[in-house]
1. Could you tell me how many cubic angstrom of Cα convex hull volume segment 126-220 has per residue?
2. What number, rounded to the nearest 500 deg cm²/dmol, is the helix-based mean residue ellipticity at 222 nm of the chain, given -39500 (n - 2.57) per DSSP H run of at least four residues and division by all its residues?
3. Restricting to the chain, what percent of DSSP beta bridges are antiparallel, rounded to 5?
4. For the chain, taking Cα atoms only, what is the radius of gyration to one decimal and the Dmax to the nearest whole Å?
5. Calculate how steeply helix 105-119 sits against the longest principal axis of the alpha-carbon atoms of the chain, using the helix alpha-carbon long axis, and give the answer as 0 to 90 degrees to the nearest 10.
6. Multiply the residue gap between Arg147 and Asp82 by 0.36 nm, knock off their C-alpha separation, and tell me the result in nm, one decimal place.
7. Full extension from Asp121 to Ala104: what is 0.36 nm times the residue separation minus their Cα-Cα distance, to one decimal in nm?
8. What distance in nm separates the two pseudo spin-label positions at Asp131 and Asp58, each 7 Å out from Cα along the beta-carbon direction?
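No lab work stands behind these numbers, since they all come straight from the coordinates. Keep in mind that what you see is a predicted model, and the values were worked out from it rather than measured. Positions of Cβ are backbone-derived with ideal geometry, glycine not excepted, and every protein chain shown enters the neighbour counts.
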Amino acid sequence: MLVLLVEDYAPLRESVTQALEEEGLAVDAADDGEEGWWYAQTGDYDAIVLDIVLPKLDGLTILKRLRQAGRQTPVLLLTAKDTVADRVAGLDSGADDYLVKPFALEELLARVRALLRRKYDAANPVIRVHDLEVNTVSRVVHRAGDRIDLTAREYALLEFLAHRAGEIVSRTDIWEHVYDFRATVESNVVDVYIGYLRKKIERPGLRRLIHTRRGQGYVLE
């Protein structure tokens with residue numbers, strides 16, 4: 001899953017980026033509103049964490065532009081202001097959630113996970129595909145009752161496929177949602193990681209779950 005973080009205060013931006021990446025998420029981070037707007041309109045993000053008070057272009061303006069452009073990416077607003085009027089202004093501008101500084105990283109992560117579930121219409125944090133279970137809160141995966149140990153990148157790929165179970169997902173979609181803008185990866189990296197996943201979740205005697213659709217991509221079903 002790919003998240004955009006727009007926050008001008010460097011220590012907070014760095015700590016939130018690290019926390020999101022430790023959750024297995026790919027993160028693009030911007031330190032002012034103009035850069036944040038460029039990322040927001042260029043990338044296909046699963047969620048955006050957006051500070052309101054930013055240099056060059058404020059967060060509410062970015063949010064309004066996104067909604068006017070028809071982009072429905074879930075947005076979590078960050079702000080130091082905690083008045084009813086401020087919260088109403090943010091929500092009326094199209095925000096999905098609102099978090100007041102200072103906040104606990106654990107709460108921010110929980111709210112981001114909730115936004116990701118909302119985007120993919122997954123009210124239950126545990127995604128089940130046949131006998132495969134993906135817990136998007138604990139990031140623990142089980143197959144036929146057995147725990148499957150995955151690397152952070154393998155888990156990120158599997159969760160993305162699980163959120164879109166039954167749909168054909170192109171290599172380009174995977175690339176754009178599992179890797180951040182600055183990532184430099186080999187052209188066949190998606191195929192390589194699909195191979196890693198298959199070895200771990202499709203042991204002998206178990207039904208194949210990850211299917212290749214030649215010329216189109218992959219489907220988890």
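1. Details: hull volume 9.4 nm³, N = 95.
Enclosed volume per residue, from the Cα hull, is 99 Å³.
2. Dividing the helical sum by the residues of the chain leaves -12500 deg cm²/dmol.
3. Antiparallel: roughly 50 percent of the beta bridges in the chain.
4. Considering the chain through its Cα atoms, Rg and Dmax are 18.1, 59 Å.
5. 70
6. Details: separation 65, 0.36 × 65 = 23.40 nm, distance 4.27 nm.
Computed gain between Arg147 and Asp82 is 19.1 nm.
7. Numbers: separation 17, 0.36 × 17 = 6.12 nm, distance 2.59 nm.
My answer for the length gained is 3.5 nm.
8. Each label point lies 7 Å from its Cα, and together they span 5.7 nm.
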